[in-house]
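Visitor: Starting off with a structure, shown below.
The values are calculated or read from the model by the stated rules, or taken from the named source; none is laboratory data. If you're wondering where the values come from, they're calculated on a predicted model, not measured in any experiment. FYI the Cβ positions are ideal-geometry reconstructions off the backbone, even for glycines, and counts take in every protein chain you see. Side chains included, ligands, DNA and RNA excluded: accessible areas come from the protein's heavy atoms. Shrake-Rupley method; radii C 1.70, N 1.55, O 1.52, S 1.80 Å.
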Amino acid sequence: MPTEVPSSKSPAFSAGVEVKGPWHPDYAEVLTPAALDFVAKLVRAFGERREGLLERRKQVQAAWRKGERPHFLPETKSVRDAQWTVAPLPPDLQDRRVEITGPVDRKMIINALNSGANVFMADFEDANSPTWDNVVRGQVNLRDAVRRSISFTGDNGKHYALVDKPAVLFVRPRGWHLPERHVEVDGKPISGSLFDFGLFFFHNVREQLARGTGPYFYLPKMQSHLEARLWNDVFLMAQDTLGIPRGTIKATVLIETLPAAFEMDEILYELREHSAGLNCGRWDYIFSFIKTLQSDTSVVLPDRGQVTMDKAFLNAYSQLLIQTCHRRGVHAMGGMAAFIPIKGDAAANEAVLEKVRADKLREVKNGHDGTWVAHPGLVSIARDIFDANMKGPNQLANKREDVRVTEADLLKVPSGTRTEEGLRHNLRVGIQYTAAWLGGLGCVPLYNLMEDAATAEISRAQVWQWLHHGASLDDGRKVTPELFQTLLSEEMAHLEKEGVHEKYGREHVTRARELFERLSTAPAFEDFLTLPAYAALDANR
Ligand SMILES: CC(=O)SCCNC(=O)CCNC(=O)[C@H](O)C(C)(C)COP(=O)(O)OP(=O)(O)OC[C@H]1O[C@@H](n2cnc3c(N)ncnc32)[C@H](O)[C@@H]1OP(=O)(O)O
Ligand SMILES: O=CC(=O)O
């Protein structure tokens, strides 16, 4: 949680490097002049290219709006057809059967590293609200975690420290679209990705190598292999600058946008010296499916709860991901079941665990090499399924040559119903999550599900889509602005009764409602919820 930020002076940074955020003495551990020089070097080398790629996203989206569709690229056919494999992986990345994820909160980092999972992915992206304090303190926490000196004592006196064999650490920096406005280089806010990656790499790479592990990353929300090429070039410069051998960094790319699913080979190829495979980021993928095909009236999805991994388009993408990774000799990671344990209701809890088991069983049988869980209470559930069905450390030998996935398979619109309750659920979840996020919490339990930026994006994108296309509900009514306003008022009253205003702060709920309403009713689809939300986030925290 954010802590009070006393005012004290920051050190002098090099010319052109400015820290705009409030200063706390604890930050001095990571916001050193040398570390920020390193980040600034990356920003100066790659900032413009990043901006160009973000501009390219806009142009490509404009073409999709006019009816073009993502497709396998003719110009990279030779990459897809050729025989090549990615560089071998270090020993501690051979077996990744269970990975836990979570925000960069100090207590949660310790809990996750101690959870018994093979890997912990510390998340500056979907599970983190990027307040200044969260992102800097997150770096302090990870620095201490890498050195195994991290500890924490809760208000209740409970003390937390690391076990002897913690999980292997991965870090997910923010996606290319997100800025870090509290640091400027040459008068411009910098990239959140380069800030998160650069600081972590600078402070920890040597310590990690000395401890027999390495700098491992998850790379989110990429839309093309050109964006992967940018990451690869960042890695090369980062390693060269610190005198670290090329290929030391390993990164797993989340395939969590629809266009990226058409460029999986190409993404692995760009990163082949640094690749640690691909992961099915299913929640963002569903969001991206809506976003990419936003203007197509025939692509109006059913209730969020019905868009499950057995739907044809999701099944096709996960099978193609497994086939692609195994052909290239690298791990194909499964995704996140959003279920979390239910307290105080044994039967409901068992039902949830059964759903998680079924999800993990589907993944391991398809050939995934590991999977994600959102909560320590699910580690053993996922492990038992993978232990029983995956005999070696991974399934790289299972080439899945039987898989045939076409462009049409990846674009197949899922069938199902749209209901008033589905619409209400999206309103409740979208507004509550945004309120929590504005208060500094990037991941919250809502109605027995883990909700983070990716799942909230689905909720708000669906509301926009249903309104924009005047979608029909199962009872024959159309989703009109009037119906939206009626349900929104009722749901706000419902949230008040549930105590949400007290829990997340009245001001945050009010701002979340305003934001949600504006994005839902806007004529044009907003690319990311977190961009306008970042503008609404208190810059002094
Ligand atoms: C779509 C995607 O991008 S997925 C990746 C991003 N999402 C995530 O990483 C989800 C991470 N999960 C979470 O943040 C949490 O599980 C939540 C917010 C959903 C629920 O958290 P809580 O309400 O605290 O759950 P609960 O009360 O059951 O937690 C019990 C204990 O487990 C800990 N815990 C829960 N989830 C995690 C986690 N993912 N990592 C570490 N510790 C955790 C809690 O801190 C708590 O610890 P304590 O008993 O020592 O106080
Ligand atoms: O980041 C993961 C996802 O499912 O989205």
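Visitor: Once fully extended, how much extra length lies between Asn156 and Lys355, figured as 0.36 nm per residue of separation less the alpha-carbon to alpha-carbon distance?
Guide: Extra length available between Asn156 and Lys355 comes to 68.3 nm.
Visitor: Let me ask something additional. Starting from the 7 Å offset along Cα-to-Cβ, what nm value, one decimal, do you get for the label separation of Lys365 and Ser295?
Guide: Distance between label points: 4.2 nm.
Visitor: With just the Cα atoms of the chain, tell me how far they stretch along each of the three principal axes, in Å, largest first.
Guide: Principal extents (largest minus smallest coordinate, Cα): 64, 57, 50 Å.
Visitor: Of all beta bridges DSSP finds with both residues in the chain, what is the antiparallel percent, to the nearest 5?
Guide: Antiparallel bridges make up about 35 percent of those DSSP assigns within the chain.
Visitor: To the nearest 20 debye, what charge dipole does the chain have about its Cα centre, counting +1 at the Cβ of each Lys and Arg and -1 at the Cβ of each Asp and Glu?
Guide: Charge dipole of the chain: 780 debye, to the nearest 20.
Visitor: Based on DSSP H runs of at least 4 residues, each adding -39500 (n - 2.57), what is the mean residue ellipticity at 222 nm of the chain after dividing by all its residues, to the nearest 500 deg cm²/dmol?
Guide: -15000 deg cm²/dmol
Visitor: Percent relative contact order of the chain, based on C-alpha pairs within less than 8 angstrom and at least six residues apart?
Guide: In percent, rounded to a whole number, it is 17.
Visitor: Let me ask another. Counting only C-alpha contacts under 8 Å and six or more residues apart, can you give the relative contact order of the range 427-505 as a whole percent?
Guide: Worked out over the range 427-505, it gives 31 percent.
Visitor: Turning to a different aspect of this structure: Rounded, prolate or oblate, given the Cα gyration tensor of the range 119-171, with a/c below 1.5 counting as rounded?
Guide: It is oblate, given that a/c is not under 1.5 and a/b is not larger than b/c.
Visitor: Step by step: find N for the range 137-236, compute 2.2 N^0.38 Å, then divide the Cα radius of gyration by it. What's the final number?
Guide: 1.25
Visitor: At 1.4 Å probe radius, can you tell me the per residue accessible area of the chain in Å²?
Guide: For the chain, the solvent-accessible area averages 37 Å² per residue.
Visitor: Provide, for q = 0.14, 0.17, 0.30, 0.32 Å⁻¹, the log10 of I(q)/I(0) from a solvent-free Debye sum over equal Cα point scatterers in the range 56-106.
Guide: Log10 I(q)/I(0), no solvent term: -0.83, -0.87, -1.17, -1.22.
Visitor: Roughly what percent of Cα-Cα pairs across the range 1-106 reach past 22 Å?
Guide: The share of Cα pairs beyond 22 Å in the range 1-106 comes to 68 percent.
Visitor: Ok, one more. State, to one decimal in nm, how far the label point of Ala348 lies from the label point of Ala15, with both points 7 Å from Cα in the Cβ direction.
Guide: 6.3 nm
Visitor: Related question: Hey, what do the phi angles of the range 402-414 turn into as Karplus ³J(HN,Hα) couplings, whole Hz, using 6.51/-1.76/1.60 and θ = phi - 60°, x for Gly and Pro?
Guide: 3J(HN,Hα) across the range 402-414, in whole Hz: 6, 6, 10, 10, 9, 4, 4, 4, 6, 9, 5, 6, x.
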